[in-house]
Every structure is written in structure tokens, then in C-alpha cells.
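The values are calculated or read from the model by the stated rules, or taken from the named source; none is laboratory data. Here the structure is a predicted model, which means the values were calculated and not measured. Backbone-built Cβ (ideal geometry, glycine too); neighbour counts: all protein chains shown. For the accessible areas, the whole protein counts, side chains as well, though only heavy atoms, and no ligand, DNA or RNA atoms are used. Shrake-Rupley method; radii C 1.70, N 1.55, O 1.52, S 1.80 Å.
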Amino acid sequence: MKRQCVKVPKKKGEPVRRVLLELDLLDNSMKIGSDETFLYLPLFREPAPHELEALSEEAELSDFDFTPQEKKPTPEDLLGFSPSYEIIGDIALLEDPELEQETASRIADALLKTQPNVKTVLRPLTPVIGEFRVREFEVVAGEPRTETVHKEYGCRYKVDLARAYFTPRLSTERSRILSMVREGDTIVDMFAGVGPYSVLLAKSKKPARVIAIDKNPDAVRYLRENITLNSVKNIEAIEGDAREEALRFAGTADHVIMNLPHNACEFLDSAVLLTKPGGIIHYYGITPEDDLFEGSIKLIREAAERVGREIEVLEKRTVRSYAPHQYNICIEVRVI
Ligand code: SAM
């Protein structure tokens, strides 16, 4: 089966294989190929430029005719249906809040039997709620805990899902913002959580400074741990209210990240205050399908005009569906 792969001299194969695994790029459904000189490591997807840089200089993209691995049973094979779940670190999160206890237990057993990396199965007892955007969980099976370490783009994030917000579903967003940041930029992550934007940006792009703010003391505790875990030095982790902290960093930011989609509009004055002339605000919102962007753009423009500034809209995009007729959107504006 022809697949895109990384071709690397055999003596460099093992470290490159490990990096590909860390980056979730290695396609384990195929056997690794080889000839006399090279290993051929099958890929799930095209690596981003910064991911390619993380490999050996002697590694290159190529094609190879791979043999599929013997098929292991899947949860579907054991259950007769496809359960809906999300993996965060070594925790599987059942997604259907209406599941009956018995079905939840069957799914949990199937996941523990078929997914060697899953050690705990949780199901949410509440939606994401409150100022700190957290959920309550029930442990359905496995180790009784809500803490895990999740890997994303070569970074590791320790998080207790019952104490701080985290979702892998924004990983593409984080990578997209990474592509907009330049070396030497100052970034203010107003609602940083356990640090998935801040740590990635600080680690990969060498910005001058990342200011990561969150009001939830537990989130900031994990953010600080994640700074250490990922050996990044150019982040300041601040426990506090983004509105008050903005006063200290006025006019410093090349990028302001506003990932508090339900309430970001209440912090627009602070975001404008933070932004340097020419800096960019990355604004996330939850909006209805009949007004995905224009209402939010009006609010951003009004906040800028209140202090005599203007905006240029650079990007408006739907990130994901949030609820029936409601979307999580992102708008990027340059503040002049
Ligand atoms: N950016 C992180 C991520 O992608 O995982 C976290 C996003 S979460 C949706 C929003 C975060 O904003 C939560 O961690 C919450 O504690 C924090 N928060 C809520 N109100 C805040 C405020 N007034 N000032 C600072 N942080 C706040």
C-alpha cells in the first residue's frame, strides 16, 4: 500500500521514529519499511514545516509501498457499534451524556481492552460550566483519576480535567496561530488555561515573551508545571483577571489570544489596550449561524474606536460546530 513516509538512514531511524510518535505522525497501522540503507516510516498526514524541522537533518519525505500490520480488534468489533469518545492523554472521555450506566460500562471495558494507551474512562456529569470552564466527571472504569498528560505537536500538557479546561479539539487552531507568529513577537494569552497556546508558541517560535494569564488557580498551577515539563523559559504565568493584568502590559502585544468564546466580547477593551499599533487580536466567539461574524466584528470595531483606533479584518473562520445552529468562530483583526 503506497503511503507518504519519512525516509531516514537506518542509524538515525530510532530517534526519528520517537519524534514522529510524539508528534502523532507515525501510522502504526503499517509495518515500518526498510532496505539496506534506509528506514521508511509511514505517516498519517503531511508534517507541518516546524514538525519536519524537529526530525533529523538526514530525514526526507518520500513514498514507500507498505505492508499493513495485522489488524487488532477495535472497540467497534467488541461492541457492534461505534462509540463516541475523545482521547486526552491516557484518558478516554465518553461523549454522549445520555448514556445508560450499563452501556457506558460496556464501552469502557471495550476501550480498556482494545486501546493499550487508555488507562481511565470518564464520562462528564455536567457540560463545561462556570467562569473557569470546567466539568464534573464520573470514573466509569480503570484508574480512578482525572489527571493526565496529553501530547500535542511535540509538547506535553499535564491537566486535571475536573479542575482546569483542556480540549485537543483546538490543536489545529493552535498550529494555525503558530504559523502567524514571528520570532521576537510578544504574545499575551489572556485566557491561557494550562497553556496549550502559550507553551506551543513559546517552544516553537522563540517569541521574545509570552504572557499567559488565567484566573483559575488550578489552571495556573498546571500551566507552571507545563512550562517546566516543556523546558520553556520565555513565558510569564500570571494568576489573575485578564482585565486587570492588561493594564500592566498595555501596548506591548504583537498577538493577543482571546480564547474565552462565551465571554470574550466583555474583554475587548482590554484586548485593544494590550495590542501594539499593528498587533493582531485572535478573537474566539460562540455565534448563531445567522450572524456568524458581523455582530462580533462590530463589537471589536467599537472597542477600538472608543480609544481612537481602527481595525482591519484579516480572517474570519468557523472553528467547529458548538451546538445546533451555533458555531465556535475565530476572527482575526489587526489593530492600527
Ligand atoms: N486557552 C486555554 C485552552 O485553549 O485550553 C483555556 C481556554 S478556556 C475556554 C478559558 C479560560 O479562561 C479558563 O481557563 C478560565 O479559567 C479562564 N478565565 C475565565 N475568566 C477569566 C478572567 N477574567 N481572566 C483570566 N482568565 C479567565
* Structure fact -> Taking the chain and counting helices only, DSSP H stretches of n ≥ 4 at -39,500 (n - 2.57) each over all residues, the nearest-500 ellipticity at 222 nm comes to -8000 deg cm²/dmol
* List, in order, the whole-Hz ³J(HN,Hα) value for each residue of region 48-63 obtained from phi through the Karplus relation with A = 6.51, B = -1.76, C = 1.60 and θ = phi - 60°; use x for Gly and Pro. => 6, x, 5, 6, 4, 4, 6, 8, 5, 4, 8, 8, 9, 6, 7, 10
* To do: Return the inverse of the average 1/r over all pairs of distinct C-alpha atoms in region 62-205, which is the Kirkwood hydrodynamic radius, in Å to one decimal.
  => 17.2 Å
* **Coil-residue trypsin sites (Lys or Arg not before Pro) of region 56-148, DSSP, other Cβ within 10 Å capped at 11** => 71
* To do: Post the alpha-carbon centroid distance, region 250-326 to region 210-225, in whole angstrom.
  => 22 Å
* Please calculate how many Å² of accessible area the chain carries per residue, with a 1.4 Å probe and no DNA, RNA or ligand atoms counted. => 49 Å²
* Structure fact -> Rounded to whole angstroms and listed largest first, the alpha-carbon spread of region 272-322 along its three principal axes comes to 33, 17, 15
* Summarise the accessible area of region 1-97 (1.4 Å probe, protein heavy atoms) by the percent that is carbon and sulfur. => 51 percent
* To do: Starting from the Cα gyration tensor of region 147-288, multiply each eigenvalue by 5, take the square root, and state the resulting semi-axes largest first in whole Å.
  => 21, 17, 15
* Structure fact -> Expressed in angstrom, Rg and Dmax over the Cα atoms of region 229-275 are 11.8, 34
* Asked: Given 158/276; 151/206; 10/119, which pairs have Cα atoms separated by over 28 Å?
  -> 158/276; 10/119
* **Within the accessible area of region 187-336 (1.4 Å probe), percent carbon and sulfur** => 50 percent
* Structure fact -> Averaged over all viewing directions, the convex hull of the alpha carbons in region 21-133 casts a projected area in nm² of 10.4 nm²
* Structure fact -> Quick calc of log₁₀ I(q)/I(0), region 132-175, Debye, one scatterer on every Cα, no solvent, q values 0.14 1/Å, result -0.38
* **Per-bin percent of Cα-Cα distances, the chain [20 Å]** => 27, 54, 18, 0
* **Cα convex hull of region 131-214, projected area averaged across orientations, nm²** => 5.9 nm²
* Structure fact -> Projected convex hull area of region 248-298, Cα atoms, direction-averaged, in nm², equals 3.6 nm²
* **For region 235-336, alpha-carbon Rg relative to the globular expectation (2.2 N^0.38 Å, N residues)** => 1.05
* **Dimensions (Å) - region 166-241, Cα atoms, principal axes, largest first** => 30, 26, 24
